[in-house]
Amino acid sequence: MPKLTTPRLELIPITLDILEAVVANDKIACERLAGAAFPDNWPNEDLIARAFPVSMTAVRADPAVRLWGDTLVIEKRRRDGTAVTPRVVGSVIFHGFPADGVAEVGYGVEEDSRGQGLAAEATNACVRWALAQPGIVAVQATTFPWHSASLGVIRRLGMQPCGRREHDTLGELLVFELRSDSVR
């Protein structure tokens, strides 16, 4: 995946080196590799478990497939256009290259940066990139019916409801989709 830019953000690919530094909780290496400051409480075990539920053995065996489309979200500008010191504010993750052509996207923004539209801006850029890739026919996102912030991102992306799934422990998940033939 190439580096993507939006009006406020730079989205850099998560490489195996970056992931190894995150898993090792090596903040200095993370910041050097990303070229940006990490939030005070990152990396941490909860972040790793949520963003990278696949084993590191699987990622190491095929990083091109397992890390396909995964990005760190780096804020470079405020809404008013003024520059800020580059800092990682979140990530957009695709759960690997989809063999069936339907990519699943996940996204997150660190607590202090929420409510500014950063998740929608970053995820929109990554979803549009994914839908332009050969063999990708759709991108799906799942969220809980009560997760209003996540539902807001999904609405801003123009995703449409397409089903429901059960989470192992937390109950019903809503499934939304954006198809490549609906994107201009």
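Worth a mention:
- Burial ordering of 91, 113, 55, fewest other beta-carbon atoms within 10 Å first: 55, 113, 91
- Relative to its residue count, the stretch 144-184 spans a Cα convex hull of 63 Å³ per residue.
- Measuring between their Cα centroids, the stretch 144-177 and the stretch 1-48 lie 26 Å from each other.
- Compactness check for the chain: Cα Rg over 2.2 N^0.38 Å is 0.99.
- The chymotrypsin sites (Phe, Trp or Tyr not before Pro) of the stretch 100-154 that meet both conditions, a loop assignment by DSSP and at most 13 other Cβ atoms within 10 Å of the site Cβ, are 146.
- Cα gyration tensor shape of the stretch 83-178, rounded if a/c is under 1.5, else prolate or oblate by comparing a/b with b/c: oblate
- nm² value of the averaged projected area, convex hull over the Cα atoms of the stretch 38-126: 6.5 nm²
- Per-residue Cβ neighbour rank within 10 angstrom, fewest leading, 95, 147: 147, 95
- Of the trypsin sites (Lys or Arg not before Pro) found in the stretch 1-50, those that fall in a DSSP loop while having at most 12 other beta-carbon atoms within 10 Å are 3.
Throughout, read-outs are computed from the coordinates displayed, never taken from laboratory work. Just so we're clear, the structure is a prediction, and the values are computed from it rather than from any experiment. Glycine also receives a Cβ, built like all others from the backbone with ideal geometry; neighbour counts cover every protein chain displayed.
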